[in-house]
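As structure tokens, the structure follows; a few thoughts come after it.
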Amino acid sequence: MISLYKKPSHLRDLLTQYKGRTDGSEPYIEEYVPVVQALIARFLHEHGARIQSREPIDVISFVPSTSRPRPHPLQAVLGELQLEVPVEALLERGTGQLDYNKPSTDAFVASKSQHSRVYLIDDVYTTGARINSAAAALRSAGFTVAGAFVIARRVNIGYKKSPEFWSTQEGKEFSWKTSPIVSGM
């Protein structure tokens, strides 16, 4: 992941409002789209060669939203980056229930592709239920999940050890080469 955020924060607003909410509770702010593109592009610039050398990939996909109609805003963001690896919408929402901290084996359904080694991208990680469920669906369909990254992890500072974790992370200097340094959670 690139960074961490808590609510409220500018990064949280950026990652919510670059796509807006389908229920209208959060506005779509067009000016945030290139910022999200820049975050992903910088991450892939810094780490792409290392990712490819460890686990070569032949397609990039993304975790679709629970209720958002296609195309997902991440698909457009990734599609405009002129990446060396194609971007495909390999996942659709399945019938399984996703819940806080509870991955589901049937929450997503993977489509067929000529590609087999997937790098999975999501914008926000809260408990891991969505990205883990997406990876499970891809593996069940015969794909190799070569890696995954999220733009930011949401830290709920009202939950158990989260205030201590947040305080420790907040005191560390950000670096594109190593951040965030996450340990002990």
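If only residues of the range 168-185 that are of a type in the set (S, T, N, Q) and surrounded by 12 or more Cβ atoms within 10 Å (Cβ to Cβ) are counted, the one that is modelled with the lowest pLDDT is Ser179. One residue stands out in the range 1-15 among those that are under 19 Å from Thr66 (Cβ atoms) and modelled with pLDDT of 95 or more: the one that is surrounded by the most Cβ atoms within 10 Å (Cβ to Cβ), namely Leu15. Counting the residues of the range 79-92 that are surrounded by 16 or more Cβ atoms within 10 Å (Cβ to Cβ) and in a strand (DSSP E or B) gives 2.
Number of residues in the range 100-109 that are open to solvent by less than 90 Å² (accessible area, probe 1.4 Å) and outside any loop (DSSP other than H, G, I, E, B) equals 2. Out of the residues in the range 17-41 that are in a loop (DSSP other than H, G, I, E, B) and not charged (D, E, K, R), state the one that is most open to solvent (accessible area, probe 1.4 Å). Of everything passing the filter in the range 17-41, Tyr28 is most open to solvent (accessible area, probe 1.4 Å). Return yes or no: is Ala76 in a helix (DSSP H, G or I), more than 21 Å from Gln52 (Cα to Cα) and modelled with pLDDT of 95 or more? For Ala76, the condition - in a helix (DSSP H, G or I), more than 21 Å from Gln52 (Cα to Cα) and modelled with pLDDT of 95 or more - is not met. If only residues of the range 52-73 that are in a helix (DSSP H, G or I) and over 16 Å from the mean Cα position of the chain (by Cα) are counted, the one that is surrounded by the fewest Cβ atoms within 10 Å (Cβ to Cβ) is Ser53.
Which ones in the range 42-51 are open to solvent by less than 70 Å² (accessible area, probe 1.4 Å) and of a type in the set (D, E, K, R)?
Going residue by residue through the range 42-51, those that are open to solvent by less than 70 Å² (accessible area, probe 1.4 Å) are 43-44, 46-48, 51.
The one that is open to solvent by less than 70 Å² (accessible area, probe 1.4 Å) and of a type in the set (D, E, K, R): Glu46.
Mind counting the residues in the range 145-167 that are part of a helix (DSSP H, G or I), surrounded by 14 or more Cβ atoms within 10 Å (Cβ to Cβ) and not small (Gly, Ala, Ser)? Residues meeting the conditions: 3.
The values are calculated or read from the model by the stated rules, or taken from the named source; none is laboratory data. If you're wondering where the values come from, they're calculated on a predicted model, not measured in any experiment. Counting neighbours? That spans all protein chains shown, and the Cβs are built from the backbone with ideal geometry, glycine included. Areas reflect the complete protein model, heavy atoms only, side chains present, ligands, DNA and RNA absent. Shrake-Rupley method; radii C 1.70, N 1.55, O 1.52, S 1.80 Å.
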